[in-house]
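The structure appears below as structure tokens.
The values are calculated or read from the model by the stated rules, or taken from the named source; none is laboratory data. This one's a predicted model, so the numbers in the text were calculated from it and none came from an experiment. Because the Cβ atoms are built from the backbone with ideal geometry, glycine has one as well, and the counts that use them run over all protein chains shown. Areas reflect the complete protein model, heavy atoms only, side chains present, ligands, DNA and RNA absent. Shrake-Rupley method; radii C 1.70, N 1.55, O 1.52, S 1.80 Å.
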Amino acid sequence: MIQAISNRSDDLLARLAAEESIHVQHDPNASTASFDLRSRTLVMPVWEDMTRDIRHMLTFHEIAHALYTPNGTGWMDSIDQIAKDLGIDSRLVKMYVNVVEDARIERKIKTAFPGLR
């Protein structure tokens, strides 16, 4: 019962922070949190030992993607072109781009919500 109440309040927090009515799913099979830019769905893992701080950290990181990561195929096309130009696997380029994108959105979400660590 406590977990269900916590999930509802965390879902509301996610929607408020995202400034839109995103879909929130709690998936016991998810290995980590993720945000689908096209369907506007936040997937949260269900871990037995997940603390409130970890839930909030995962939620706000994924909300940062919702707010600041471009929704479209242009950047994916760019990744494919870079991979082609360098003659390497596009998955490798995507991993590097994701690290840079994560750092960029983390800075922006911390500016928007100064209490986040």
With a cut-off of at least 1 residues that are under 21 Å from GLU101 (Cα atoms), name the strands (runs of 3 or more DSSP E) lying wholly within the range 1-85. 34-36, 41-45
Single condition ILE88 does not satisfy, out of (1) in a helix (DSSP H, G or I); (2) open to solvent by 30 Å² or more (accessible area, probe 1.4 Å): (1)
Being over 15 Å from the mean Cα position of the chain (by Cα) and charged (D, E, K, R): is that true of ASP80 here? yes
Single residue of the range 91-117 satisfying the filter (open to solvent by less than 40 Å² (accessible area, probe 1.4 Å) and free of Cβ contacts under 8 Å to residues at least 40 places away in the same chain) that is nearest to the chain's Cα centre (by Cα): GLU101
Suppose we filter ALA30, ALA14 for residues that are within 19 Å of TYR68 (Cβ to Cβ) and modelled with pLDDT of 90 or more; which single one remains? ALA14
Selection from the range 35-52 of residues that are open to solvent by less than 50 Å² (accessible area, probe 1.4 Å) and either touching a residue at least 60 places away in the same chain (Cβ under 8 Å) or not β-branched (Val, Ile, Thr) (or both): PHE35, LEU37, ARG40, LEU42, MET44, PRO45, MET50
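Considering only the range 38-58, state which residues are polar (S, T, N, Q) and modelled with pLDDT under 95.
We begin by selecting, within the range 38-58, every residue polar (S, T, N, Q); these are 39, 41, 51.
The answer is SER39, THR51.
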Boolean, LEU116 is in contact with a helix residue (DSSP H, G or I) (Cβ under 8 Å, 6 or more places away or on another chain), part of a loop (DSSP other than H, G, I, E, B) and not acidic (Asp, Glu): yes
